[in-house]
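Written out below as C-alpha cells is the structure these notes cover.
The values are calculated or read from the model by the stated rules, or taken from the named source; none is laboratory data. It should be emphasised that the depicted structure is a prediction, and the values quoted were computed from it without experimental measurement. All Cβ positions, even for glycine, are placed from backbone atoms using ideal geometry, and neighbour counts span all protein chains on display. For the accessible areas, the whole protein counts, side chains as well, though only heavy atoms, and no ligand, DNA or RNA atoms are used. Shrake-Rupley method; radii C 1.70, N 1.55, O 1.52, S 1.80 Å.
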Amino acid sequence: MDWVGRGNSRMKNVLVTGGAGFIGSNFIHHLLARTPVQRVVNLDALTYAGTPANLAEVQNDTRYRFVHADICDGEKVQALLREEHVDTIVHFAADTHVDRSIRDPETFYQTNVLGTLRLLEAARAVWAGDYTGKRFHHISTDEVYGTLEPGDPPFSESTPYIPRSPYAASKAAADHLVRSFFHTYGLPVTLSNCSNNYGPRQYPEKFIPLVIQRCLRGERIPIYGDGRQIRDWIYVEDHCCGILRILQDGRPGETYHLGGGNQPTNLEIANLICDLMDRKRPQSAQVPHRRLLQFITDRPGHDRRYAMDCTKIERELGWTPQIHLAEGLEQTVDWYLDHPEWLEAVIQAEPYRAWMHEQYPGEG
Ligand code: NAD
Ligand code: TYD
C-alpha cells in the first residue's frame, strides 16, 4: 500500500499526545499494528485518566517510546520534536470528563487551551516554515456545537460553535487556535470532531464503562435526569480508522466529522448493557441487572442530544463507521470481563475512589 496519500503527511515519526488515555492508547495500538510507521512517541502527563498499562502490549516494540511529560512544557515538547524528527503530531491530550469540568473548569482551560497553544507553538518553532511532509492533527469533539432537540438536523462542519459546558468551551477554544495557526502561519493542520467513543480501556467514570463496572459490582447505575438524552456512539476502532484516513488524505486546513450514526437514549444504552450482562453472567446474583438502574439529579446544563453529519469524510475520504452498536457494545463488555485486573487497578486507586465519593455521594 502506498501509505502517503494526497494529504502529504510523511507519517514516519509520529508524536501522539495523551496516548496513555482511552482513545490515544487505542490509536497507538492501531498505528503500530496497521501502518508502516517507524517511530511512535507517546507524550503523556499520566493524570488520573492515563496509565502505561494501556500500552503494556507494545512497551517492548522498538518503534515505541513513552515520555512522561506535560504538553504545557513547551521547551520539553520542542526538544522532543527535534530529537525524534517528528513529522506528524496527533493531539489527543486533554481533560475530558464533562462532570469534572463543571467542578473544576480552570484545569480544563489549562490543559485543553493553553496546552494546545504550547503544542502549536512548539510545532511552529521546530518545523520553522518547512512544512513538507508535516501534519498537526487535532482531536476534537461534537460537544463544541452545543445541544440539539430531538428533530433537529445533525451538526455539520459549518454549524456554529455554541459550547455549553466548561469542557466543551475549552475544546472549542482549542479548535479555534488550531485553525488560526493554519490561516496565520500556514501550519498544516487538520481537525476531526468526533462523537462519544466507547470500547476497550475507557476510564470507568464515563457512562458506558461505569454501567459495566456497576453491573459487575452489583452497585446502583446512576442515570442523570430522565435518561432520555441522546448521544451518537462510535466504537473507538472506527474513530482510529477515521483519524488515519485524515492523516493519509485529508486536506490541510480542513475539519472532518466522525460519528457512529447512532441515536440511542442513555436509558437504552444502560438497558442494552444490563441485558448483555444477564446473558454473559447468568449465574450472577444481580440478574436482572436492570434492577440496578437508578435515576438521580441531572447534570447542570446537560446537553440533550448530539448527532453528527459525516457525509464530508464519506465523500472525500471514503470513511464510514464499520462496527454496529450492538456488536461494539458486546465487544466492549467482553473486554472489561476479560480484563478484571485492569478494572480493579483503576477503581481501587485513590483518584477513582475520590471522584466516586464526590460525584455520587451517599454510596458505600
Ligand atoms: P482520556 O481522559 O481517556 O485521556 C486523556 C489523556 O491525556 C490521559 O492519558 C492523560 O494522562 C493525558 N493528559 C491530560 N493532560 C495532559 C497534559 N497536560 N499533558 C500530557 N498529557 C495529558 O481521554 P479520551 O477519552 O481518550 O479523549 C482523547 C481526546 O479525544 C480528547 O482530546 C477528547 O477531547 C477527544 N474526544 C473524546 C471523546 C470521547 O468520547 N472520549 C469524543 C470526542 C473527542
Ligand atoms: P459521558 O460518558 O460523561 O460523556 P459526555 O458527557 O461527554 O456525553 O456521559 C454520556 C451520557 O451519559 C451523558 O448524557 C451523561 C450520561 N451519564 C449518566 O446518565 N450518568 C452518569 O453517571 C454519567 C457519568 C453519565
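Listed values, structure above:
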item: Residue that is more than 9 Å from ligand 1 (Cβ to nearest atom) and surrounded by 23 or more Cβ atoms within 10 Å (Cβ to Cβ), where the choices are L55, L32, L81; result: L55
item: Hits in the range 1-45 - residues which are modelled with pLDDT of 95 or more and of a type in the set (F, W, Y); result: F22, F27
item: Selection from the range 144-179 of residues that are open to solvent by 40 Å² or more (accessible area, probe 1.4 Å), polar (S, T, N, Q) and either within 16 Å of ligand 2 (Cβ to nearest atom) or in contact with a His (Cβ under 7 Å, 6 or more places away or on another chain) (or both); result: T147
item: Any hit, the range 320-338, residues being open to solvent by 80 Å² or more (accessible area, probe 1.4 Å) and of a type in the set (A, V, I, L, M); result: no
item: Flag if A45 is crowded, with 18+ Cβ neighbours inside 10 Å, within 16 Å of ligand 2 (Cβ to nearest atom) and under 18 Å from the mean Cα position of the chain (by Cα); result: no
item: Among the candidates G50, G21, residue that is within 16 Å of ligand 2 (Cβ to nearest atom) and either open to solvent by less than 10 Å² (accessible area, probe 1.4 Å) or among the small types (G, A, S) (or both); result: G21
item: Considering residues of the range 297-309 that are open to solvent by less than 40 Å² (accessible area, probe 1.4 Å) and near ligand 2 (Cβ under 10 Å from one of its atoms) only, the residue farthest from E157 (Cα to Cα); result: H302
item: Residue in the range 69-77 that is surrounded by fewer than 22 Cβ atoms within 10 Å (Cβ to Cβ), among the basic types (K, R) and either in contact (Cβ under 8 Å) with a residue 40 or more places away in the chain or in contact with a Gly (Cβ under 6 Å, 6 or more places away or on another chain) (or both) present; result: no
item: Residue list for the range 180-209, restricted to those being more than 9 Å from ligand 1 (Cβ to nearest atom) and open to solvent by 30 Å² or more (accessible area, probe 1.4 Å); result: S180, F182, H183, T184, Y185, G186, F207
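Every residue, every condition in (1) within 16 Å of C310 (Cα to Cα); (2) in contact (Cβ under 8 Å) with a residue 24 or more places away in the chain; (3) buried (at least 22 other Cβ atoms within 10 Å of the Cβ), yes or no:
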{"site": "A125", "(1), (2), (3)": "no, yes, no"}
{"site": "Y131", "(1), (2), (3)": "no, yes, no"}
{"site": "H137", "(1), (2), (3)": "no, yes, yes"}
{"site": "D142", "(1), (2), (3)": "yes, yes, yes"}
{"site": "D226", "(1), (2), (3)": "no, yes, no"}
